[in-house]
Amino acid sequence: MNNDIIFDNNSDVYATGTTTSTVYPTFGTSIFQSKNAGSNDVFLIKLTYEGFKNYSTYYGGAGNEQGLKLAYDHNASTPTLINLCSW
């Protein structure tokens with residue numbers, strides 16, 4: 001389930017949400033976590049403005065996590081997960 005989408009200065013797309021998948025496709029150089037660690041984990045994906053996959057990763061622990069809101073730090077040129085719900 002997708003919960004938020006943002007764009008950076010280059011019109012690249014970042015999306016976050018929640019997945020229960022154990023076969024979610026992780027790829028790229030910014031992989032934080034390559035496997036689902038709990039029932040629900042956050043996913044974060046970046047697509048270029050042309051629609052090419054840049055990276056995709058899980059983020060979560062043994063509990064249930066939801067990625068609810070993203071923000072983009074234009075000074076650091078990086079997305080930030082600003083609302084992570086864990087239970």
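Nothing in this text is a laboratory measurement; each read-out follows from the coordinates by a stated rule. As the structure is a prediction and not an experimental result, all values here were calculated from the model. With ideal geometry, Cβ positions are generated from the backbone for all residues, glycine too; neighbour counts draw on all protein chains shown.
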Which of the following residues is among the hydrophobic types (A, V, I, L, M, F, W, C), free of Cβ contacts under 8 Å to residues at least 40 places away in the same chain and in contact with a strand residue (DSSP E or B) (Cβ under 7 Å, 6 or more places away or on another chain): PHE52, PHE43?
PHE43
Residues (touching a Gly at 6+ places or on another chain (Cβ under 8 Å), farther than 10 Å from ASP12 by Cβ and not small (Gly, Ala, Ser)) located in region 39-56:
ASN40, ASP41, VAL42, PHE43, LEU44, LYS53, TYR55
Determine if region 41-58 includes at least one residue that is in a loop (DSSP other than H, G, I, E, B) and within 18 Å of SER21 (Cβ to Cβ).
no
For region 3-25, name all the residues that are within 17 Å of GLY51 (Cα to Cα) and of a type in the set (S, T, N, Q).
ASN9, ASN10, SER11, THR16
Would you say GLN33 is of a type outside the set (Val, Ile, Thr) and in a loop (DSSP other than H, G, I, E, B)?
yes
